[in-house]
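Here the structure comes first, spelled out in structure tokens, and everything after it is commentary.
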Amino acid sequence: MHTKLLYLSDLKFNLDVWKRELKFHLAEMDEFEEKLGDISIRNLGIEAMAPLEGFQNKIIREREVIGRLIQRIRKKNKLIETVNLTEDIDGRLRRQQGTLRDDIKIYIKLHYELKEEMMDFFLQWL
């Protein structure tokens, strides 16, 4: 029983870390969107506005992806909270969590690529 509780605690820890990181990324997107707004009011022409609109669209899409990932994390947390401790835990929960982990790894990679692009854009136009 103690081993099962530790196992579930470890899985929950991963979910909590991922959720905090995703919420941080949401806050970061708010800051980036604010800076894009600062650039947009300067009337810098099509050269600045075309990529700016692209970044705004990517921020909208990123928020959607974050929302879906957070929802999946909530579902996994509920699954962990309602697991039957008398059943044999054979790694099923860890394997199921593996696909979420892979999706989060891909998201994080793409997030930082977008962040680098946006930082380059900010350096050019701010």
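The values are calculated or read from the model by the stated rules, or taken from the named source; none is laboratory data. In this text, all values refer to a predicted model and were calculated from it rather than measured experimentally. FYI the Cβ positions are ideal-geometry reconstructions off the backbone, even for glycines, and counts take in every protein chain you see.
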Failed item, numbered, when Asn14 is tested on (1) in contact with a Lys or Arg (Cβ under 9 Å, 6 or more places away or on another chain); (2) modelled with pLDDT of 95 or more: (2)
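Inspect the stretch 80-87 for any residue being modelled with pLDDT of 90 or more, loosely packed, with under 12 Cβ neighbours inside 10 Å and part of a helix (DSSP H, G or I) and give the result as yes or no.
Looking through the stretch 80-87, none of the residues is modelled with pLDDT of 90 or more, loosely packed, with under 12 Cβ neighbours inside 10 Å and part of a helix (DSSP H, G or I).
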Near pairs, Cβ below 8 angstrom, 6+ apart or cross-chain, from the stretch 30-44 (under 12 Å from Gln56 (Cα atoms) and surrounded by 15 or more Cβ atoms within 10 Å (Cβ to Cβ)) to any residue that is basic (Lys, Arg) and at pLDDT 95 or above: Phe32/Lys115
Residue match in the stretch 60-68 (condition: at pLDDT 90 or above, surrounded by 11 or more Cβ atoms within 10 Å (Cβ to Cβ), of a type in the set (Gly, Ala, Ser) and in a helix (DSSP H, G or I)): yes
